[in-house]
Each structure stands twice: as structure tokens, then as C-alpha cells.
Amino acid sequence: RYDAASPDDANQLARSIDAPVDLLFANAGVMGAERGEQAFGHVAPDAWIEALRINALGPLMLAQAFADKVAASAHKKIALQSSRMGSIADNSSGSGYVYRPSKAALNAIGKSLAVDLKPRGIAVAILHPGWVQTDMGGDNALLSVEESVAGQQAILDDLTIETSGSFWHQSGEILPW
């Protein structure tokens, strides 16, 4: 079983691949608590720490473990699956005290990775998938998985070192931090 926040698991996974990696896509994520436990006054510290561990630390561990393999590839790209809920500027609804900070931390990590990995030619995309029909998004979500993936793929196809470190909606819109 892979632990998304374990440096040992990330390093073991990287060692198991004996080839350059054109695109590393860090997609593990959890809500961290039931929706009622996301509200002020109901936050469980253990859920908060677990969400931060999986949603922010996990992608960082993957990036560290795979940086050499990505740098050795032809395309040199890292994608981080974030969420618009990680935008501080775009928070008009409050709540989300477990999920929001974990995705805001991931956004900060993504921006730092873009700066730190630029000399190695690695471009980093921070992506909001949209409201997607998954277990987390539910049946009423606006996008199918296929629609979300197609939008994100278009962004990744166009990703360059100059656009590295931006926070994109799957529609192609740049999102505020």
C-alpha cells in the first residue's frame, strides 16, 4: 500500500521506475473530514493534520523523489492536483477549515517548486480540476471526469517554463492565490 506522504514510499516508487518521467502528476488527495467537521468550532486536529500530510506533504515528497527522473526527460513537467478551495483571495464562503489550508499549502509548495526547479528546466502546473463527478464531487457536479481531464491535459500540453508556477482552473483560467 502506498502512503502518499511517506518519503520512503515516494523514494521506493521512484526507484522502481528505471526511465525518465515526462510528467509527474501528484493526484492523491482527501477532504480530511466530513463536511460538518470542516466548520468553525467542529474541527478535529487529527483530521486537519492528516489532510495536510496527504494533500500537501505527499506531493512534495513525490516531487523530491522524482525530480531527477523528470529533469532527465524530454518534457520535464510536474502537475499538482490542487483545488480552488486553496485560493485565499477566492474564499467568499468560509468554512473548509480542514481542506482549504491543505490545498493552500499545496499551492505554496507548487509555486516554490516552480522557482526551485526552473534551473533544471522543470515546469510546474498547479491545477484545479473543476467541480467533478467523483466520490468527492458527487453526482451533481458540473463536469465529468473526462471533461476535467481534457481541460487539464490542454493546460499541461501548453505548459512552459515561462508559465510554470501558475494556478489554473481546468477551463484554462488563471486563478487568484
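The values are calculated or read from the model by the stated rules, or taken from the named source; none is laboratory data. Owing to the predicted nature of the structure, the values given are computational and were not obtained by experimental measurement. Here the Cβ is made from the backbone with ideal geometry for all residues, glycine too, and neighbour counts use every protein chain on show.
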Unmet criterion (only one of (1) small (Gly, Ala, Ser); (2) exposed (fewer than 14 other Cβ atoms within 10 Å of the Cβ); (3) in a loop (DSSP other than H, G, I, E, B)) for Gly130
(2)
Going through Val98, Val43, Val70, Val21 one at a time, which residue ends up being among the β-branched types (Val, Ile, Thr) and within 16 Å of the chain's Cα centre (by Cα)?
Val98
Answer yes if at least one residue in segment 45-57 is out of contact with any helix residue (DSSP H, G or I) (no Cβ under 9 Å at 6 or more places or on another chain), among the β-branched types (Val, Ile, Thr) and either surrounded by fewer than 19 Cβ atoms within 10 Å (Cβ to Cβ) or touching a residue at least 12 places away in the same chain (Cβ under 8 Å) (or both), and no otherwise.
yes
Pick from segment 84-127 the residues that are surrounded by fewer than 16 Cβ atoms within 10 Å (Cβ to Cβ) and among the aliphatic types (A, V, I, L, M): which of them is farthest from Ala26 (Cα to Cα)?
Ala89
Given (1) over 23 Å from Ala4 (Cα atoms); (2) in contact with a Lys or Arg (Cβ under 8 Å, 6 or more places away or on another chain), where does Leu156 come up short, assuming only one miss?
(1)
Any residue that is buried (at least 21 other Cβ atoms within 10 Å of the Cβ) and either among the polar types (S, T, N, Q) or assigned to a loop (DSSP other than H, G, I, E, B) (or both) - is there at least one of those in segment 10-32?
yes
Within the set of pairs 6 or more residues apart or between chains, which connect a residue that is closer than 17 Å to Ala79 by Cβ inside segment 90-113 to a residue that is aromatic (Phe, Trp, Tyr) and crowded, with 16+ Cβ neighbours inside 10 Å with Cβ atoms less than 7 Å apart?
Asn107/Phe167
List the number of the failed condition for Gly138; all other conditions in (1) at pLDDT below 95; (2) touching a strand residue (DSSP E or B) at 6+ places or on another chain (Cβ under 8 Å) hold.
(2)
Just checking, does segment 71-78 include any residue being free of Cβ contacts under 8 Å to residues at least 24 places away in the same chain and surrounded by fewer than 19 Cβ atoms within 10 Å (Cβ to Cβ)?
no
